Amino acid sequence: MKRLTLSLLLAATFGAYAIYVKIGVDKPAELQQSVTTAPQNAVPSANISNRGKYKDGEYTGNVEDAYYGNVQVKILISNGKISNVQFLDYPQDRETSVRINSQAMPYLKQEAIQAQSASVDIVSGATNTSQAFIQSLSSALSQAL
Amino acid sequence: MDMPITVEISDASGKQGDIDVIFDYFKYIEEKFSVYKPNSEITKINNGEIGENERSEDMKTVFSLSEETKQETNGYFDIVANNGKFNPSGLVKGWAIYNTAEILKKRGFKNFYVEAGGDIQVKGKNSKGGCWKAGIRNPFKTQEIVKSVCLRKNEGIATSGTYIRGNHIYNPKDRSKKIDEIVSLTVIGPNVYEADRFATAAFAMGKEGIAFIEKLSGFEGYMIDKNGIATMTTNFEGYL
């Protein structure tokens, strides 16, 4: 079975992100799934699409505040497209204290959560459109234009 | 409803056009159901521009499914938000993902997943011919996963949570009460529509939410409290 190429998957992923860099503009980002038109919003804006118009190379984005910590990404452009996104910094200072909750269901199994190193296909989590991620990614991409 | 979307098709015949159809559908959903869009149908319903009899078919469907879910959850699922306006996003997300999976099935695909905002519908096998492996995100360190589940029977998985800044979920039965004892509740069910609506309802029950999922036949759950202690339903470990 052949997977869709990585660039297609990434295009699907990044193409659907809110594309606007909200520089001093306080309005909800729009979902854009089509990468045919460049969205116009705050000026200047970095358009996050994956249509092969970026210069190949590695670019490091700005450090952005994500409330629980900072987010900073480094991207790799290959053949004009985003081929890798690496997190240089991400929120990681939340303590996981272990205090047994006496009101929890006594008959259901409990455990302290632990990081798993298993590789997975997908991740399920609460919706976390991270503006900090988008801004750091945008700042990296704007260097690649 | 602004959220990232991922689609992966294992079948060799997947094309850009198939992905485009999925994204077009999500855009359609966004334009209709987003309470953040000034011209969406739901916004116009909320400000009185569109009357109950003038709602579109899809809107009527969502309202009807919402009412049904409210009954089934003893009022813990309620699309009336604390500001008195309708916000059906706790059901629309799963319903929309489910619909896109149906689109892919009609196009003949047998092995894929569609993920939007952390809720997922899987079908068939991953690109290595094995089960689709879904990780449950660590609410305290969102780059980590704390559990990995193996989805073998075209299940849906949805996670409700409040670990994002400014994202508060209130108990619809006592609207002064923010849910803060638990931070994440993941539900695995027969499809993502079911998983999403029950994850939304169960989260509003706070710590009791996992007991609700335990009682639901065909669903398993994994709840994480604010201290990092997880509680799971009896057969959840069958997914590990």
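The values are calculated or read from the model by the stated rules, or taken from the named source; none is laboratory data. Predicted model only: the values in this text are computed from it and were never measured. So basically every Cβ, Gly included, is an ideal-geometry build from the backbone, and we count neighbours across all protein chains shown.
The criterion of at least 2 residues that are modelled with pLDDT of 90 or more, closer than 22 Å to B:PRO190 by Cα and touching a helix residue (DSSP H, G or I) at 6+ places or on another chain (Cβ under 9 Å) is met by the following helices (runs of 4 or more DSSP H) wholly inside the stretch B:1-97: B:16-33, B:57-72. Tallying residues that are touching a residue at least 12 places away in the same chain (Cβ under 8 Å) and at the interface with chain A (Cβ under 7 Å from one of its Cβ atoms) within the stretch B:1-19 yields 12. Evaluating B:LYS70 against the criteria (1) in contact with an Asp or Glu (Cβ under 7 Å, 6 or more places away or on another chain); (2) buried (at least 23 other Cβ atoms within 10 Å of the Cβ) leaves one unmet condition, (2). The lone criterion from (1) surrounded by fewer than 20 Cβ atoms within 10 Å (Cβ to Cβ); (2) within 14 Å of the chain's Cα centre (by Cα) left unmet by B:PHE77 is number (1). For the stretch A:103-120, which residues satisfy the criterion of being closer than 17 Å to B:GLU181 by Cα, at pLDDT 90 or above and part of a loop (DSSP other than H, G, I, E, B)? The answer is A:ILE113, and nothing else. Among the residues of the stretch B:227-240, are any surrounded by fewer than 19 Cβ atoms within 10 Å (Cβ to Cβ), closer than 20 Å to B:GLN121 by Cα and more than 13 Å from every other protein chain (Cβ to nearest Cβ)? No; the residues of the stretch B:227-240 include none that is surrounded by fewer than 19 Cβ atoms within 10 Å (Cβ to Cβ), closer than 20 Å to B:GLN121 by Cα and more than 13 Å from every other protein chain (Cβ to nearest Cβ). Among the numbered conditions (1) under 20 Å from B:ALA81 (Cα atoms); (2) modelled with pLDDT of 90 or more, the only one that B:SER176 does not meet is (2).
Within the option set B:ILE50, B:ILE29, B:ILE22, being away from chain A (no Cβ under 12 Å), surrounded by 16 or more Cβ atoms within 10 Å (Cβ to Cβ) and of a type in the set (Val, Ile, Thr) holds for one residue only, B:ILE50.
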